[in-house]
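Trainee: Encoded as structure tokens, here's the structure I'll be asking about.
The values are calculated or read from the model by the stated rules, or taken from the named source; none is laboratory data. The structure displayed is predicted, hence computed values, not measured ones. As a convention, Cβ positions derive from the backbone with ideal geometry for all residues, glycine included, and neighbour counts pool all protein chains shown. In case anyone asks, the SASA skips ligands and DNA or RNA and just uses the protein heavy atoms, side chains included. Shrake-Rupley method; radii C 1.70, N 1.55, O 1.52, S 1.80 Å.
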Amino acid sequence: MYDNLTMMSTGRLFNQSAPAGTSGRLVTERLSDRLAALLVQELEGPGMGPGSRMPTERQIAEKHGVSRTVVREAVHQLKSRGLLVTRQGAGIFIADHQNRPLAFDPEVMESVEAVVQVVEVRRVIEGEIAALAAQRANRAQVANIRRKLAAIDAAASAGGDGVDEDLEFHRAIGEACGNPQFGQIVAFLEQYLRDAMRVTRANEARRLDFMEAVRSEHRAIYDAIAARDSAGARKRALEHLANGRRRLELGGLLRPSPAGRPSLRASTKPVKTSLPQHRPQSKRRPA
């Protein structure tokens, strides 16, 4: 009965409804995901290290107030990641040689501010991906990017949020850049962005100028790639990500901190500023 609940307090997981006013959370994880994150912290705690024996399934369940099913699922996650090993008849131990895959703190998905931090990571590579796609994409890949672009509008016209289609558009650009490693990085970041993008899409759907700006920015990225304009593709991709954060600010979800970093607004009341009107470049080629 606990498996789909996710409340965390002083290292203990328990069945409790979130208090009113905690709208900063964006997603709900399984309890086993939360427990796995806590166990990773314990692996790095005092007295623990490679070869150390883990508490029993029952001990973990009692300590964190969860069912043994949740414990088994969490332990299975850590075993699949190479962090734990089972020794027949002896128990579960911290792996001697740990080769940990890249992972972000689970709390990165709990607020708009934290998601913006992930977007900043994405921005570092997204511009270069678009630039390489402009240089390397073949005709079939350019056509695929255009189809994915059209699918975003089709989803919106059908009443959807277009999040999956948006991710597929950017994924298609990644596939066209000629470096599969970029595609893997983009796929990794998607798990931290998908649910947050539904929040940003809902924010954008409240204002026609936001929706038009997103559509125009996507089109500008495609146009630059189709025109083999590497510098232009890089510029348009970076502008798109920067404007996405700006729309969150204008929608009342973020505000710039004194240091220039985003922070959550105390109020959800939208500000009355609007984005500068997008003016297409005259030299941009039609598709």
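Trainee: Which ones in the stretch 69-96 are open to solvent by 50 Å² or more (accessible area, probe 1.4 Å), β-branched (Val, Ile, Thr) and over 15 Å from Gly49 (Cβ atoms)?
Mentor: Hits for the stretch 69-96 are Thr69, Thr86.
Trainee: Which residue, of Gly51, Gly45, is within 14 Å of Gly91 (Cβ to Cβ), in a loop (DSSP other than H, G, I, E, B) and free of Cβ contacts under 8 Å to residues at least 60 places away in the same chain?
Mentor: On the way: Gly45 fails: within 14 Å of Gly91 (Cβ to Cβ).
Matching residue, one of Gly51, Gly45: Gly51.
Trainee: Also, I was wondering about something else. So if I check each of Arg234, Arg215, which one is within 16 Å of Ala150 (Cβ to Cβ), modelled with pLDDT of 90 or more and out of contact with any Phe, Trp or Tyr (no Cβ under 6 Å at 6 or more places or on another chain)? Before the answer, list the steps.
Mentor: Working: Arg234 fails: within 16 Å of Ala150 (Cβ to Cβ).
It is Arg215.
Trainee: Which of the residues that make up the stretch 75-93 are assigned to a strand (DSSP E or B) and in contact with a helix residue (DSSP H, G or I) (Cβ under 6 Å, 6 or more places away or on another chain)? Steps first, answer last, please.
Mentor: Residues of the stretch 75-93 that are assigned to a strand (DSSP E or B), as a first pass: 84-87, 91-93.
Across the stretch 75-93, the qualifying residue is only Leu84.
Trainee: Name every residue in the stretch 29-42 that is in contact (Cβ under 8 Å) with a residue 40 or more places away in the chain and either more than 14 Å from His64 (Cα to Cα) or over 20 Å from the mean Cα position of the chain (by Cα) (or both), in order of residue number.
Mentor: First, the residues of the stretch 29-42 that are in contact (Cβ under 8 Å) with a residue 40 or more places away in the chain: 29-30, 32-34, 36-37, 40.
The answer is Glu29, Arg30, Val40.
Trainee: Restricting to the stretch 205-218, name every residue that is more than 17 Å from Ala172 (Cα to Cα) and open to solvent by less than 20 Å² (accessible area, probe 1.4 Å). Spell out how you get there, then give the answer.
Mentor: Keep residues of the stretch 205-218 that are more than 17 Å from Ala172 (Cα to Cα), which gives 205-214, 216.
Phe210, Ala213, Val214 - these are the residues of the stretch 205-218 that are more than 17 Å from Ala172 (Cα to Cα) and open to solvent by less than 20 Å² (accessible area, probe 1.4 Å).
Trainee: Name the single residue that is modelled with the highest pLDDT among those in the stretch 22-58 being open to solvent by 80 Å² or more (accessible area, probe 1.4 Å) and more than 17 Å from Leu83 (Cα to Cα).
Mentor: Arg58
Trainee: Right, something else. Please work out if Ser157 is more than 24 Å from Ala114 (Cβ to Cβ), without any contact (Cβ under 8 Å) to a residue 40 or more places away in the chain and polar (S, T, N, Q).
Mentor: Details: more than 24 Å from Ala114 (Cβ to Cβ): yes; without any contact (Cβ under 8 Å) to a residue 40 or more places away in the chain: yes; polar (S, T, N, Q): yes.
When the stated conditions are applied, Ser157 passes them.
Trainee: Can you confirm whether the stretch 219-233 contains a residue that is among the polar types (S, T, N, Q), more than 18 Å from the chain's Cα centre (by Cα) and surrounded by 17 or more Cβ atoms within 10 Å (Cβ to Cβ)? Explain how you work it out, then say what you get.
Mentor: Step one: list which residues in the stretch 219-233 are among the polar types (S, T, N, Q), which gives 230.
Filter once more, so that each one left must be more than 18 Å from the chain's Cα centre (by Cα): 230.
When the remaining residues are screened for being surrounded by 17 or more Cβ atoms within 10 Å (Cβ to Cβ), the result is 230.
Taking every residue of the stretch 219-233 in turn, at least one turns out to be among the polar types (S, T, N, Q), more than 18 Å from the chain's Cα centre (by Cα) and surrounded by 17 or more Cβ atoms within 10 Å (Cβ to Cβ).
Trainee: Then there is this: Quick check, is Glu249 at pLDDT below 95, more than 17 Å from Ala151 (Cβ to Cβ), assigned to a helix (DSSP H, G or I) and not aromatic (Phe, Trp, Tyr)?
Mentor: Details: at pLDDT below 95: yes; more than 17 Å from Ala151 (Cβ to Cβ): yes; assigned to a helix (DSSP H, G or I): yes; not aromatic (Phe, Trp, Tyr): yes.
When the stated conditions are applied, Glu249 passes them.
Trainee: Name the residue that is nearest to Gly232 (Cα to Cα), counting only residues in the stretch 141-190 that are open to solvent by 70 Å² or more (accessible area, probe 1.4 Å) and among the aliphatic types (A, V, I, L, M).
Mentor: Result: Ile185.
Trainee: Could you pull out the residue among Asp153, Asp161 that is out of contact with any Pro (no Cβ under 9 Å at 6 or more places or on another chain) and outside any helix (DSSP H, G or I)? Break it down stepwise before answering.
Mentor: On the way: Asp153 fails: outside any helix (DSSP H, G or I).
That would be Asp161, the only listed residue that is out of contact with any Pro (no Cβ under 9 Å at 6 or more places or on another chain) and outside any helix (DSSP H, G or I).
Trainee: Let me ask something else. Would you mind stating whether Val66 is part of a loop (DSSP other than H, G, I, E, B), touching a Leu at 6+ places or on another chain (Cβ under 6 Å), surrounded by 13 or more Cβ atoms within 10 Å (Cβ to Cβ) and of a type in the set (A, V, I, L, M)?
Mentor: Working: part of a loop (DSSP other than H, G, I, E, B): yes; touching a Leu at 6+ places or on another chain (Cβ under 6 Å): yes; surrounded by 13 or more Cβ atoms within 10 Å (Cβ to Cβ): yes; of a type in the set (A, V, I, L, M): yes.
Yes: the conditions hold for Val66.
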